[in-house]
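Undergrad: Here it is, the structure in full.
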Amino acid sequence: MEFINTLHDAVYAVMTPVSEFVWTYILLYLLLGAGLLFTLLTRFMQFRLFGHMARVTFNSRGSGSGVSGFQAFATSLAARVGTGNLAGVAIALWVGGPGAIFWMWMTALVGFATSFIESTLAQTYKKRNEDGVFRGGPAYYIERALGQRWMSVLFAIFLLIAYGLAFNGAQSNTIAQGLSQAFSIPNWVTGVALVIITALVIYGGLKSVARTAEKIVPIMAIGYFLVALYVLVVNIGEVPAMLELIVKSAFGYGPAVGGAVGYTIKIAMENGIKRGLFSNEAGMGSAPNAAAQADVKHPAAQGLVQSFGVFIDTLVICSCTAVVILLSGVYERLMSTSPGQDIVGIQLTQDAMVDHLGSFGEIFIAIAIFLFAFTSIIANFSYSQINIEYLFRGRAKAAVSVLRVAVLAMVMIGSVAQLQFVWDFADLAMGLMATTNLIAILLLCPIALRVLKDYERQRKAGVHEPTFDPKKVLKRPEQVDADVWPARESTDQVARDA
């Protein structure tokens, strides 16, 4: 035991300063800087194309034997909408103050453009797999478009650590804590049940994950939004003061600031950006793995769909959690009696919902936790499978079999163990993932911009459903698989020519 404790302390001593350096001095600026640059280069696409994003998202349900655009959207939203929306927002609020919510919103606003760039690149450089589902993501476009396999291998390893192992343990831990609090279910019982239902989905392959996400995600998102909307309406008189508190705190004018204005702003920004990224994943390089699976006619179409996912995740669902907490008496009581005390994020969200809805609130949050976190687990597996297949290629089937066992083991371990170390390790892996991907998409953004220009040119010409021809758009079309983007004309164009 002494050896384990010594090893644990040694790992922390190395990991903590590296993680703090990555988040404080690299990602804080790289993430917002890249998002602002992409926003300018795409001519504020998140605002001028917002309505089109929504239409494309909900009109992308049809598919043949592969994965539809909406299913890929649901898969990425399943990964995005998890403990970050419930526990993560609560932690950001508690540690960074209400101002963290403002910076979370800012991260999301610029994240629209970042998500578009990375998801469009994933679609452009995807490959067809023997199971009929496309594969793609940062590992693929880094190797194919940049020609840097060492960098793509690093990314895939970081993703496997974060999504294949750490995050799945963290998600199952949150489910177990929530069900234990609401229904007094022993953690090990939750763990066994989770392992069984997770196995039923992930042994069905990527199509099974997409079909499951498509069914569950819309129901859970709409249900959570409606409950939060009820809380907002009931407390409508307090909303202006809440919004004022969020904005003022973001710039160091909160009541607990004292003289350390700069430090308060820094803490609010760091927590808002970190938790915003953890939640909406824009720029992290995770959602492109889902985006690449979609069978669509133009890469930009799916890029827009994935951008809309950032809106749903952060500006809708994370805001719902913030509203529930900030409008509750629980938050005020804790701020007055226990400032600076460590809290369990999901407990704060759960107690706040109970404050609004009574005993039903505890049950509702437990159910929401289960749905949010379970769908994240299966989507995390989907991302992990794509990247382990990329790493092992010729031995992909054996590697995926090992991955399934590892994922199920982490689900069980996470249900019964305290996982602060796992969360911290996940933060580091996530930071390294995001840094690697952001560097790649900054270098490759001219390609995504050309793809967007082609898409908008066709729409301006009256083409209802634009199609993609790499030879007309890309400078090096040979980097793209010919069977993925066969030469074809849109039905609109054919009709006009006739």
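Undergrad: Take the residues in region 453-477 that are out of contact with any helix residue (DSSP H, G or I) (no Cβ under 6 Å at 6 or more places or on another chain) and of a type in the set (Asp, Glu), then tell me which one is modelled with the lowest pLDDT.
TA: Here the residue is 465.
Undergrad: Does residue 197 satisfy being within 21 Å of residue 169 (Cα to Cα), open to solvent by 40 Å² or more (accessible area, probe 1.4 Å) and modelled with pLDDT of 85 or more?
TA: On the way: within 21 Å of residue 169 (Cα to Cα): yes; open to solvent by 40 Å² or more (accessible area, probe 1.4 Å): yes; modelled with pLDDT of 85 or more: yes.
Judged against the criteria, residue 197 is a match.
Undergrad: Which residues, counting only those in region 121-132, are over 15 Å from residue 438 (Cβ atoms) and part of a helix (DSSP H, G or I)? If you could, list the steps in order and put the result at the bottom.
TA: First, pick out the residues of region 121-132 that are over 15 Å from residue 438 (Cβ atoms): 123-132.
Correct list: 123, 124.
Undergrad: Out of all the residues in region 471-491, which are in a helix (DSSP H, G or I), within 20 Å of residue 292 (Cβ to Cβ), without any contact (Cβ under 8 Å) to a residue 60 or more places away in the chain and not β-branched (Val, Ile, Thr)? It would help to see each step written out before you state the result.
TA: Taking region 471-491 first, the residues in a helix (DSSP H, G or I) are 471-473, 477-479, 491.
So of that shortlist, the ones also within 20 Å of residue 292 (Cβ to Cβ) come out as 473, 477-479.
With the extra rule that they be without any contact (Cβ under 8 Å) to a residue 60 or more places away in the chain, the set shrinks to 473, 477-478.
Result: 477, 478.
Undergrad: While we're looking at this one, here's another question. Scan region 407-427 and give yes if some residue there is open to solvent by less than 20 Å² (accessible area, probe 1.4 Å) and either at pLDDT 85 or above or closer than 16 Å to residue 125 by Cα (or both), otherwise no. Reasoning before the result, please.
TA: Step one: filter region 407-427 for residues open to solvent by less than 20 Å² (accessible area, probe 1.4 Å), giving 407, 411, 414-415, 419, 426-427.
Next, from what is left, pick out any that are either at pLDDT 85 or above or closer than 16 Å to residue 125 by Cα (or both): 407, 411.
There is at least one residue in region 407-427 that is open to solvent by less than 20 Å² (accessible area, probe 1.4 Å) and either at pLDDT 85 or above or closer than 16 Å to residue 125 by Cα (or both).
Undergrad: Has region 45-68 got at least one residue that is under 25 Å from residue 436 (Cβ atoms) and either surrounded by fewer than 20 Cβ atoms within 10 Å (Cβ to Cβ) or at pLDDT 85 or above (or both)?
TA: Initial filter on region 45-68 (under 25 Å from residue 436 (Cβ atoms)): 45-46.
Adding the requirement that they be either surrounded by fewer than 20 Cβ atoms within 10 Å (Cβ to Cβ) or at pLDDT 85 or above (or both) leaves 45-46.
Yes, there is a match, as at least one residue in region 45-68 is under 25 Å from residue 436 (Cβ atoms) and either surrounded by fewer than 20 Cβ atoms within 10 Å (Cβ to Cβ) or at pLDDT 85 or above (or both).
Undergrad: Specify which of the listed residues (86, 77, 40) is under 15 Å from residue 117 (Cα atoms) and either modelled with pLDDT under 80 or open to solvent by 10 Å² or more (accessible area, probe 1.4 Å) (or both).
TA: Values: 86 fails: under 15 Å from residue 117 (Cα atoms); 77 fails: under 15 Å from residue 117 (Cα atoms).
Unique residue meeting the criteria: 40.
Undergrad: Check whether at least one residue in region 174-187 is modelled with pLDDT of 90 or more and surrounded by fewer than 24 Cβ atoms within 10 Å (Cβ to Cβ), and report yes or no.
TA: If we filter region 174-187 for residues that are modelled with pLDDT of 90 or more, which is where we start, we get none.
Checking region 174-187: not a single residue is modelled with pLDDT of 90 or more and surrounded by fewer than 24 Cβ atoms within 10 Å (Cβ to Cβ).
Undergrad: Need pairs with beta-carbon distance below 7 Å; first residue under 17 Å from residue 101 (Cβ atoms) and assigned to a helix (DSSP H, G or I) and within region 76-89, second at pLDDT below 75 and among the basic types (Lys, Arg); sequence gap 6+ or separate chains.
TA: From region 76-89, the pairs are 84/275; 88/275; 89/275.
Undergrad: If you don't mind, another one. Criterion first (in contact (Cβ under 8 Å) with a residue 24 or more places away in the chain, surrounded by fewer than 24 Cβ atoms within 10 Å (Cβ to Cβ), in a helix (DSSP H, G or I) and in contact with an Asp or Glu (Cβ under 7 Å, 6 or more places away or on another chain)) does residue 316 satisfy it?
TA: Working: in contact (Cβ under 8 Å) with a residue 24 or more places away in the chain: yes; surrounded by fewer than 24 Cβ atoms within 10 Å (Cβ to Cβ): yes; in a helix (DSSP H, G or I): yes; in contact with an Asp or Glu (Cβ under 7 Å, 6 or more places away or on another chain): no.
Spelling it out, it is not the case that residue 316 is in contact (Cβ under 8 Å) with a residue 24 or more places away in the chain, surrounded by fewer than 24 Cβ atoms within 10 Å (Cβ to Cβ), in a helix (DSSP H, G or I) and in contact with an Asp or Glu (Cβ under 7 Å, 6 or more places away or on another chain).
Undergrad: May I pose another question? Quick check on residue 234: is it open to solvent by 40 Å² or more (accessible area, probe 1.4 Å) and out of contact with any helix residue (DSSP H, G or I) (no Cβ under 7 Å at 6 or more places or on another chain)?
TA: Working: open to solvent by 40 Å² or more (accessible area, probe 1.4 Å): yes; out of contact with any helix residue (DSSP H, G or I) (no Cβ under 7 Å at 6 or more places or on another chain): yes.
When the stated conditions are applied, residue 234 passes them.
Undergrad: Is it the case, given these coordinates, that residue 159 is free of Cβ contacts under 8 Å to residues at least 40 places away in the same chain, closer than 25 Å to residue 389 by Cβ and not charged (D, E, K, R)?
TA: On the way: free of Cβ contacts under 8 Å to residues at least 40 places away in the same chain: no; closer than 25 Å to residue 389 by Cβ: yes; not charged (D, E, K, R): yes.
No: the conditions fail for residue 159.
Undergrad: Please tell me if residue 450 is in a helix (DSSP H, G or I), open to solvent by 10 Å² or more (accessible area, probe 1.4 Å) and over 26 Å from residue 373 (Cα atoms).
TA: Values: in a helix (DSSP H, G or I): yes; open to solvent by 10 Å² or more (accessible area, probe 1.4 Å): yes; over 26 Å from residue 373 (Cα atoms): yes.
Judged against the criteria, residue 450 is a match.
Undergrad: How many residues, within region 97-132, are open to solvent by 10 Å² or more (accessible area, probe 1.4 Å), more than 20 Å from residue 313 (Cα to Cα) and either in contact with a Phe, Trp or Tyr (Cβ under 8 Å, 6 or more places away or on another chain) or of a type in the set (A, V, I, L, M, F, W, C) (or both)?
TA: 2
Undergrad: Scanning for something open to solvent by 10 Å² or more (accessible area, probe 1.4 Å), among the hydrophobic types (A, V, I, L, M, F, W, C), at pLDDT below 90 and within 16 Å of the chain's Cα centre (by Cα), does region 353-376 turn up at least one residue?
TA: Yes, there is a match, as at least one residue in region 353-376 is open to solvent by 10 Å² or more (accessible area, probe 1.4 Å), among the hydrophobic types (A, V, I, L, M, F, W, C), at pLDDT below 90 and within 16 Å of the chain's Cα centre (by Cα).
Undergrad: Among the residues of region 264-309, write down those that are among the β-branched types (Val, Ile, Thr) and assigned to a helix (DSSP H, G or I). First the steps, then the outcome.
TA: Taking region 264-309 first, the residues among the β-branched types (Val, Ile, Thr) are 264-265, 267, 273, 296, 305.
Hits for region 264-309 are 264, 265, 267, 273, 305.
The values are calculated or read from the model by the stated rules, or taken from the named source; none is laboratory data. If you're wondering where the values come from, they're calculated on a predicted model, not measured in any experiment. Note that we place each Cβ from the backbone using ideal geometry, even for glycine, and neighbour counts take in every protein chain shown. What goes into the accessible areas is simple: the full protein's heavy atoms, side chains included, and nothing from ligands, DNA or RNA. Shrake-Rupley method; radii C 1.70, N 1.55, O 1.52, S 1.80 Å.
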